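Single-structure report; data block below.
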Amino acid sequence: MDTFILGIESSCDDTSAAVLRNEVLLSNVTASQDVHLAYGGVVPELASRAHQQNIVPVVDQALKRAGVEREQLSAIAFTRGPGLLGSLLVGVSFAKGLSIGLGIPLVDVNHLQGHVMAHFIKENDDDNHQPPFPFLCLLVSGGNSQIVKVNAYNDMQIIGQTIDDAAGEAIDKCSKVMGLGYPGGPIIDRLARQGNPEAYHFARPAIKGYDYSFSGLKTSFLYSLRDWLKDDPDFIEHHKEDIAASLEHTVVDILMNKLRKAVKDTGIKHVAVAGGVSANTGLRNAFHEHADKYGWNIYIPKFSYTTDNAAMIAITGYYKYLDKDFCDITEPAFARM
Ligand code: KG4
């Protein structure tokens, strides 16, 4: 018998719902929140209000597009954390209410595990490009930079992570101080394609093991900016492509150096990338170069599965459902790991 899972994601500023038939994605509907653009960053209170407005129509659309009736659902999977607490509460409460109403199990999903599990979403029944276990996953989002050793669906080990800022956060902040806009990731990506990645040099961290650090890069970027603007107030306007290319190049290099070390030490050559920053062109190119040069088998997600989406929550929920790993109705949302 087929299993139908409804996934719900509301951890930050995207309200998303998805429906799966077993591992195959039937629909994935996401409402983004433009209300934050004017503020240059996500405003938590506005995010939770927008989730409240969006959640019913988004879930409704996801079921309609999937051609699935509520009564056919086997379980509801939802993001329990980490994320913005007010935003999470909207999805968590909605999922709990619907599960009581329909009398079906609830499955709680860790948002970060969801990003990794995005690699198991199938587009159709013949889609077979899933990584074999064990594999390494570089998880790079706005709030996290981690190297995860994935032994099984339910067995993931973080072997390295940032001790301060995340890669996405560093890019976003550098873009913001240059006045380029928010979120900076896609803007820097676009500008970087037309610039020289060797034009400027920024500080690189010297951290032991597989851990990352991006706060030194951010500080050295600020010092460079101060010096550039002292001599020429229009410096950014004239050199933004080179600055973006150099910044992106440094971030990608820092990420790949540690990942290379992890591959070498573990001997695991199946390497995936996940999270919002995995949309980045420079990072994707670096993965392809490493595949050619070092014989890595690489797994790069579709763009629609890089940023926050409910499809990744639904697929994680599907595997937990098969294990009967259900969540009690009294479990609260959590903001941090
Ligand atoms: O995974 P995600 O959607 O949200 C979190 O769970 O954090 O990641 C958002 C991050 C932001 O920092 C955004 O700037 C970055 O992903 N991002 C990119 C690109 N697209 C999104 N960074 C670099 N290049 C991109 N093309």
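The values are calculated or read from the model by the stated rules, or taken from the named source; none is laboratory data. Model, not experiment: these values are computed from the prediction. Glycine also receives a Cβ, built like all others from the backbone with ideal geometry; neighbour counts cover every protein chain displayed. Side chains included, ligands, DNA and RNA excluded: accessible areas come from the protein's heavy atoms. Shrake-Rupley method; radii C 1.70, N 1.55, O 1.52, S 1.80 Å.
Looking at Ile55, is it assigned to a strand (DSSP E or B) and over 24 Å from Gly184 (Cα atoms)? Considered against the rule, which asks whether it is assigned to a strand (DSSP E or B) and over 24 Å from Gly184 (Cα atoms), Ile55 comes out as no. The residue of region 260-281 that is nearest to the chain's Cα centre (by Cα), among those that are within 16 Å of the ligand (Cβ to nearest atom) and not small (Gly, Ala, Ser), is Val277. Just the residues that are assigned to a strand (DSSP E or B), more than 16 Å from the ligand (Cβ to nearest atom) and touching a Leu at 6+ places or on another chain (Cβ under 8 Å), please, taken from region 119-140. Listed by number, the residues that qualify are Lys122, Leu136. Confirm whether Glu198 is under 22 Å from Gly40 (Cα atoms), acidic (Asp, Glu) and modelled with pLDDT of 95 or more. For Glu198, the condition - under 22 Å from Gly40 (Cα atoms), acidic (Asp, Glu) and modelled with pLDDT of 95 or more - is not met.
Considering only residues in region 183-228 that are within 16 Å of the ligand (Cβ to nearest atom), under 29 Å from Val263 (Cα atoms) and basic (Lys, Arg), the one that is most open to solvent (accessible area, probe 1.4 Å) turns out to be Arg193. Tell me yes or no: at least one residue of region 247-264 is over 29 Å from Val116 (Cβ atoms) and part of a helix (DSSP H, G or I). Taking every residue of region 247-264 in turn, none turns out to be over 29 Å from Val116 (Cβ atoms) and part of a helix (DSSP H, G or I).
Looking across region 306-323, the residues that are assigned to a helix (DSSP H, G or I), open to solvent by less than 10 Å² (accessible area, probe 1.4 Å) and touching a strand residue (DSSP E or B) at 6+ places or on another chain (Cβ under 6 Å) come down to Ala311, Ile313, Ala314, Thr316, Gly317. Of all the listed residues (Ala272, Ala244), the sole one being in contact (Cβ under 8 Å) with a residue 24 or more places away in the chain, assigned to a helix (DSSP H, G or I) and among the small types (Gly, Ala, Ser) is Ala244. Criterion applied to Gln52, Gln113, Gln161 was being open to solvent by 60 Å² or more (accessible area, probe 1.4 Å) and not assigned by TED's automatic domain parsing to the domain that holds Ile207, and the one residue passing it is Gln52.
Against the condition within 12 Å of the ligand (Cβ to nearest atom), in contact with a helix residue (DSSP H, G or I) (Cβ under 7 Å, 6 or more places away or on another chain), touching a residue at least 12 places away in the same chain (Cβ under 8 Å) and in a loop (DSSP other than H, G, I, E, B), how does Gly143 come out, does it pass?
Values: within 12 Å of the ligand (Cβ to nearest atom): yes; in contact with a helix residue (DSSP H, G or I) (Cβ under 7 Å, 6 or more places away or on another chain): yes; touching a residue at least 12 places away in the same chain (Cβ under 8 Å): yes; in a loop (DSSP other than H, G, I, E, B): yes.
Against the criterion (within 12 Å of the ligand (Cβ to nearest atom), in contact with a helix residue (DSSP H, G or I) (Cβ under 7 Å, 6 or more places away or on another chain), touching a residue at least 12 places away in the same chain (Cβ under 8 Å) and in a loop (DSSP other than H, G, I, E, B)), Gly143 qualifies.
When we screen Val116, Val148 for residues that are in a helix (DSSP H, G or I), among the aliphatic types (A, V, I, L, M) and under 15 Å from the mean Cα position of the chain (by Cα), the only hit is Val116. Looking only at region 258-278, count how many residues are open to solvent by 30 Å² or more (accessible area, probe 1.4 Å) and not basic (Lys, Arg). Going through region 258-278 one residue at a time, the tally reaches 4. Checking the stated criteria, Leu89 turns out to be under 27 Å from Leu46 (Cβ atoms) and either at pLDDT 95 or above or of a type in the set (Phe, Trp, Tyr) (or both). Considering only residues in region 164-182 that are open to solvent by 40 Å² or more (accessible area, probe 1.4 Å) and closer than 27 Å to Leu136 by Cα, the one that is modelled with the highest pLDDT turns out to be Asp164.
Checking the structure you have, find out if any residue of region 287-299 is among the hydroxyl-bearing types (Ser, Thr, Tyr), open to solvent by less than 40 Å² (accessible area, probe 1.4 Å), touching a residue at least 12 places away in the same chain (Cβ under 8 Å) and more than 12 Å from the ligand (Cβ to nearest atom).
Narrowing region 287-299 to residues among the hydroxyl-bearing types (Ser, Thr, Tyr): 294, 299.
Cutting the leftovers down to open to solvent by less than 40 Å² (accessible area, probe 1.4 Å) gives us 299.
With touching a residue at least 12 places away in the same chain (Cβ under 8 Å) added as a condition, the list becomes 299.
Remaining after also requiring more than 12 Å from the ligand (Cβ to nearest atom): 299.
Looking through region 287-299, at least one residue is among the hydroxyl-bearing types (Ser, Thr, Tyr), open to solvent by less than 40 Å² (accessible area, probe 1.4 Å), touching a residue at least 12 places away in the same chain (Cβ under 8 Å) and more than 12 Å from the ligand (Cβ to nearest atom).
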